[in-house]
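Here the structure comes first, spelled out in structure tokens, and everything after it is commentary.
The values are calculated or read from the model by the stated rules, or taken from the named source; none is laboratory data. Predicted model, so just to flag it, every value in this text is computed and none were measured. Counting neighbours? That spans all protein chains shown, and the Cβs are built from the backbone with ideal geometry, glycine included. For the accessible areas, the whole protein counts, side chains as well, though only heavy atoms, and no ligand, DNA or RNA atoms are used. Shrake-Rupley method; radii C 1.70, N 1.55, O 1.52, S 1.80 Å.
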Amino acid sequence: DGFMRFGWHADGDEIAIYDRTMWASREIYETQEARVRLADLEPVSVDIRFHQGGHYFVIDGDFEPGRVTGRTRVVRPGQEAVNHAIDTPLPDGAILRASFFILAAALPMEIGDEVSFRWYAPLGNSTADVTLSAVEAVQVETPAGRFATYRIEQRGGTPANDIFIDRETGRIVRIDIGGQPMRFVAPVLVG
């Protein structure tokens, strides 16, 4: 019923993050481009276009230490667009919500390991305390093959996610979205 194309790559002293997600039956389509510092995942910028039904939101955020500024533009058919300023304080060490997938894949977690952090979620212009926990080893089947994975639970923040990391390569091969009938699976592994 849809797809998620999520990835990241190093670009100088930053990481460029991208997301293209569509959920056809709910008429949801999201594009996201974000940048974080390579050294510590400190947010630099985020640009999101989120469509739901006939309306969409455009979020343009820029980060400086302790603050995110920018604007959200709300566009609805037959109505004038509405702009809302973003000027939100951020606690020290807060990461961009999209960065937690990088953490889940990059951290050398073993069963029982747990890491906590605070994320900033641009769609809600809010922060939340979040925990990643390696809870079990499990075999998962995807169109890309069968994988021996660690199931990493992300709790706190909305929505919760279960992220399945291939133990051999460290790649994300499945993501289950908590509270939604939604699962993303690796169709094929690239690169």
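Would you mention how many residues in the range 138-150 are under 27 Å from Ile95 (Cα atoms) and either open to solvent by 40 Å² or more (accessible area, probe 1.4 Å) or of a type in the set (Phe, Trp, Tyr) (or both)? Qualifying residue count for the region: 1. Exactly one residue out of Asn161, Asn125 is over 17 Å from Gly7 (Cβ atoms) and either in contact with a helix residue (DSSP H, G or I) (Cβ under 7 Å, 6 or more places away or on another chain) or in contact (Cβ under 8 Å) with a residue 12 or more places away in the chain (or both), and it is Asn125.
Any residue in the range 93-107 that is open to solvent by less than 20 Å² (accessible area, probe 1.4 Å) and farther than 27 Å from Arg155 by Cβ? Can you show your working first?
First, the residues of the range 93-107 that are open to solvent by less than 20 Å² (accessible area, probe 1.4 Å): 94-96, 98-102, 104.
Still in the running and farther than 27 Å from Arg155 by Cβ: none.
So far as the range 93-107 goes, no, none of its residues is open to solvent by less than 20 Å² (accessible area, probe 1.4 Å) and farther than 27 Å from Arg155 by Cβ.
What number of residues within the range 3-14 satisfy the criterion of being of a type in the set (Asp, Glu) and either touching a helix residue (DSSP H, G or I) at 6+ places or on another chain (Cβ under 6 Å) or crowded, with 16+ Cβ neighbours inside 10 Å (or both)?
Applying the first criterion (of a type in the set (Asp, Glu)) to the range 3-14 yields 11, 13-14.
Going one step further and asking which of them are either touching a helix residue (DSSP H, G or I) at 6+ places or on another chain (Cβ under 6 Å) or crowded, with 16+ Cβ neighbours inside 10 Å (or both), we end up with 14.
Matching residues across the range 3-14 total 1.
Among the residues here, Glu27 does not qualify as farther than 30 Å from Val188 by Cβ and open to solvent by 80 Å² or more (accessible area, probe 1.4 Å). Taking residues in the range 92-115 that are among the polar types (S, T, N, Q), and partners anywhere that are in a helix (DSSP H, G or I) and modelled with pLDDT of 90 or more, not one pair has Cβ atoms closer than 7 Å while being at least 6 places apart or on different chains. Scanning for something touching a helix residue (DSSP H, G or I) at 6+ places or on another chain (Cβ under 6 Å) and not basic (Lys, Arg), does the range 138-152 turn up at least one residue? For the range 138-152, residues touching a helix residue (DSSP H, G or I) at 6+ places or on another chain (Cβ under 6 Å) and not basic (Lys, Arg): present.
Pairs only if they're at least six apart or on different chains, beta carbon under 7 angstrom, first in the range 49-68 and hydroxyl-bearing (Ser, Thr, Tyr), second at pLDDT 95 or above and open to solvent by 40 Å² or more (accessible area, probe 1.4 Å); list them, first residue then second. As it stands, the answer is Tyr56/Arg49, since those pairs meet every condition given.
Among the residues making up the range 126-149, those that are closer than 20 Å to Ala98 by Cα and either more than 22 Å from the chain's Cα centre (by Cα) or not charged (D, E, K, R) (or both) are Ser126, Thr127, Ala128, Val130, Thr131, Leu132, Ser133, Ala134.
The rows are residues; the columns are (1) small (Gly, Ala, Ser); (2) under 17 Å from the mean Cα position of the chain (by Cα); (3) open to solvent by 70 Å² or more (accessible area, probe 1.4 Å); (4) closer than 16 Å to Tyr120 by Cβ.
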residue	(1), (2), (3), (4)
Asp1	no, no, yes, no
Ala16	yes, yes, no, no
Arg37	no, yes, yes, yes
Glu42	no, yes, no, yes
Ile59	no, yes, no, yes
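Among the residues of the range 163-176, are any in a loop (DSSP other than H, G, I, E, B) and within 27 Å of Ser25 (Cα to Cα)? No: the range 163-176 contains no residue that is in a loop (DSSP other than H, G, I, E, B) and within 27 Å of Ser25 (Cα to Cα). Taking the range 111-127, which residues are surrounded by 15 or more Cβ atoms within 10 Å (Cβ to Cβ) and either in a strand (DSSP E or B) or in contact with a Leu (Cβ under 8 Å, 6 or more places away or on another chain) (or both)? Answer for the range 111-127, where residues must be surrounded by 15 or more Cβ atoms within 10 Å (Cβ to Cβ) and either in a strand (DSSP E or B) or in contact with a Leu (Cβ under 8 Å, 6 or more places away or on another chain) (or both): Val115, Phe117, Arg118, Trp119, Tyr120, Ala121, Pro122, Thr127.
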